[in-house]
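J.: Structure incoming, see below.
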Ligand code: ADP
């Protein structure tokens, strides 16, 4: 196999489109599209935390709500969050938490709502990219943006940014990775499948390279929002 199903090089991302400030009802919002995967995120806060028993006297709590629209996949997705959506909400929250100065806002909550408009693999990564931009636009103090991408192995080759078709290939390995690029810290690393130690090192390098490219696109979209016209 010299090229991938969609003609991309092994280390090539899908086409990315990012818009910041798309929803006026939210404190911050963003759309992140990577190929046919589209995530929209809306952020609120810091605001009074309800119910009150969830309040932390030391810091803000971050709540993430991930879901997919019923029309986001070829077979209608049943409405409302199921087990997968609850798990992904938690994964996304953990990937974003290190980037936020939660300790500056005791007793409050910061909420991020993420909807997947269209899913073609990599939705947790697209969600993290959209959510970190929505948080930034909401003016929430952050140590860094968070950038994320899927990396894995398809037909024996390490590849960046897998599509659903690639993920469904027999024996495919899928490894989502998220980083705070400026801080050089990994905030999410999961793996579905098996890689050798050498392959893992290569896969992390490939993922970080992809995240750094995404980081540049995220920063450009944020600056675009605040450009003086
Ligand atoms: P991620 O989207 O982060 O890769 P998963 O590995 O759980 O997370 O999902 C992989 C892909 O499977 C999704 O991006 C989507 O394309 C598809 N998918 C997930 N849930 C459904 C569903 N209920 N119906 C059809 N396809 C789905």
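Quick note: the coordinates plus some simple rules give every number you see, no bench work behind them. Given the structure is predicted, the values throughout are model-derived calculations rather than measurements. All Cβ positions, even for glycine, are placed from backbone atoms using ideal geometry, and neighbour counts span all protein chains on display.
J.: Which order do the peptides 112-118, 223-229 take when ranked by the mean count of other beta-carbon atoms within 10 Å per residue, highest first?
T.: Values: 112-118: 21.7, 223-229: 8.1.
The densest-packed peptide leads the list: 112-118, 223-229.
J.: What nm distance separates the two modelled labels at residue 200 and residue 5, each placed 7 Å from Cα along Cα→Cβ?
T.: Each label point is offset 7 Å from its Cα along the Cβ direction, giving 2.7 nm.
J.: Hey, another quick one. What FRET efficiency comes out for the pair residue 19/residue 212, r = Cβ-Cβ distance, R0 = 25 Å, nearest 0.05?
T.: The value I calculate is 0.75.
J.: For n ≥ 4 DSSP H runs only, could you compute -39500 (n - 2.57) per run for the chain, divide by its residues and tell me the 222 nm figure to the nearest 500?
T.: -9000 deg cm²/dmol
J.: Right, something else. Does the stretch 112-153 classify as rounded, prolate or oblate by the C-alpha gyration tensor (a ≥ b ≥ c root eigenvalues; a/c under 1.5 gives rounded; else a/b over b/c gives prolate, otherwise oblate)? Intermediate results must be reported in sequence, preceding the final value.
T.: Values: a/c = 4.45, a/b = 1.59, b/c = 2.79.
Verdict is oblate for the stretch 112-153.
J.: Turning to a different aspect of this structure: In a Gaussian network model over the chain where Cα atoms closer than 10 Å are linked, find which of 135, 62, 162 has the largest mean-square fluctuation.
T.: In the Gaussian network model the winner is 62.
J.: Kindly express, to the nearest 10 degrees and within the range 0 to 90, the angle between helix 123-137's C-alpha long axis and the longest C-alpha principal axis of the chain.
T.: The angle comes out at about 30 degrees.
J.: Then there is this: Show me 49-55, 100-106 ranked by packing, highest mean number of other Cβ atoms within 10 Å first.
T.: Highest mean packing first, the order is 100-106, 49-55.
J.: How high is the relative contact order of the stretch 126-229? Use alpha-carbon pairs under 8 Å, at least six apart in sequence, and give a whole percent.
T.: Once normalised by length, the contact order is 26 percent.
J.: Output the relative contact order of the chain, whole-number percent, from Cα pairs under 8 angstrom with separation of 6+ residues.
T.: 22 percent
J.: Of the listed peptides 141-149, 186-194, what is their order by residue-averaged count of other C-beta atoms within 10 Å, with the highest listed first? Write down the numbers at each step before the final one.
T.: Details: 141-149: 22.9, 186-194: 14.8.
Ranked from most to least packed, the peptides come out as 141-149, 186-194.
J.: Of the residues 45, 207, 150, which exhibits the maximal mean-square fluctuation in a Gaussian network model of the chain defined by a 10 Å Cα contact cut-off?
T.: 45
J.: Please give the residues of the stretch 58-76, grouped as numeric ranges, whose backbone N is less than 14 Å from a label point set 7 Å along the Cα-to-Cβ vector of residue 107.
T.: Only 58-61 fall inside the zone, counting backbone N under 14 Å.
J.: Return the FRET efficiency for the residue pair residue 184, residue 53: r is the Cβ-Cβ distance, R0 is 25 Å, and the value is rounded to the nearest 0.05.
T.: 0.10
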